[in-house]
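These notes are about the structure you will find just below.
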Amino acid sequence: MNGVDAGLTLRLVRGLSLYNSISWNHSTYDNNVTTQGVTYYSKGSQVVAYPRLMYKSSLSYAYKGFDTSIDASYMSQRNLSYTGDARVPSYWLANFSMRYKFGNMGKYAHSLGFMQNLELSFNVYNLTNQFYVSTMGENGFPLSGDAQSFLLGAPRQFFGSVRAEF
C-alpha cells in the first residue's frame, strides 16, 4: 500500500474560506488466489472497496450569526471483486447548508426572553441528485464477478431544523 494525502485551507477574506483535500492510494494484491482448483488473477489488482483517488472541497462563509457552505466530494471507481472484473463507478456529490443563530430572543422582544440560542438551519444533501453506490461488501466480496453486495446512496434530501434552549 502506497498513498499520499494533502489538505489546504485558504482564508480568502474575513469569513470566507476554501478547503481542499486530496487522497491518492495505490493498494494492490501481490499474489493470485487459487481455491478449489480455480486460479483467480488478483495479482496487481486494486484492493476491493478502496478508491485510488478521493477529493473534497468546501467553500464556506460566516458573518455574525449567519453561516453557509457548499461542498463537493469525488470518489473514484472501486473494485467490487478481488480480480477487478466488477467495479463500482466513480461519483461526485455536492451538499449545501445554511444556518442562522439568533441568540437570546429577549433582544428582539422582551416577552421572548425565555428562549435562548435560537438557531435555524437548512441543508440539502446530494444537491444534484446523483445516483451512486455508498457502501459495498456487506455480504463479502466475490473473487470474480458481481455479488450485488452494496447499498445505494441516498437521493437528494432536504432538512430543516429549529433549535432553542429554554
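Laboratory data are not the source of any read-out in this text; all were calculated from the coordinates shown. The model shown is predicted, which means the values in this text are computed figures rather than measured ones. No Cβ is skipped: glycine too gets one built from the backbone with ideal geometry, and neighbour counts run over all protein chains shown.
The count of lysine pairs in the stretch 2-165 whose Cα atoms are under 27 Å apart, excluding pairs fewer than 8 places apart on the same chain, comes to 4.
With charges only on Cβ, +1 for K and R and -1 for D and E, what is the dipole size of the stretch 2-165 about its Cα centre, in debye, rounded to 20? Please list the in-between numbers first.
Numbers: 13 positive and 9 negative charges, 128 e Å.
It comes to approximately 620 debye.
Count Lys and Arg as plus one, Asp and Glu as minus one, and take only other residues whose Cβ is under 15 Å from that of residue 43; the net charge is then -2. A simple rule links phi to the HN-Hα coupling: the Karplus curve 6.51 cos²θ - 1.76 cosθ + 1.60 with θ = phi - 60°, which for the stretch 75-92 gives 10, 6, 4, 10, 6, 8, 10, 5, 7, x, 7, 10, 10, 9, x, 6, 7, 10 Hz, with x for Gly and Pro.
So what's the net charge close to residue 26: Lys and Arg +1, Asp and Glu -1, counting the other residues with Cβ under 15 Å from its Cβ? After counting each charged neighbour, the total is +1.
How much FRET efficiency would the formula 1/(1 + (r/R0)^6) give for residue 157 and residue 17, where r is the Cβ-Cβ distance and R0 is 30 Å, rounded to 0.05? Kindly include the intermediate steps, with their values, before the conclusion.
Working: r = 25 Å, r/R0 = 0.84.
Taking R0 as 30 Å, the efficiency between residue 157 and residue 17 is 0.75.
Report the equivalent ellipsoid semi-axes for the stretch 2-165 in whole Å, largest first, defined as the square roots of five times the eigenvalues of the gyration tensor built from alpha carbon atoms. Display every interim value, and only then the final one.
On the way: eigenvalues 415, 70, 26 Å².
They are 46, 19, 11 Å, listed largest first.
Footprinting exposure proxy ranking of 30, 85, fewest other C-beta atoms within 10 angstrom first, gives 30, 85. Converting phi to 3J(HN,Hα) with the Karplus coefficients 6.51, -1.76 and 1.60 and the offset θ = phi - 60°, the stretch 94-99 yields 9, 9, 9, 9, 8, 8 Hz in sequence order, with x at every glycine or proline. Applying the Karplus relation 6.51 cos²θ - 1.76 cosθ + 1.60 with θ = phi - 60° to the stretch 48-53 yields 3J(HN,Hα) values of 4, 6, 9, x, 6, 9 Hz, where x marks Gly and Pro. The trypsin sites (Lys or Arg not before Pro) of the stretch 8-68 meeting both criteria, a DSSP state outside H, G, I, E and B (loop) and at most 10 other C-beta atoms within 10 angstrom of the site's C-beta, are 14, 64.
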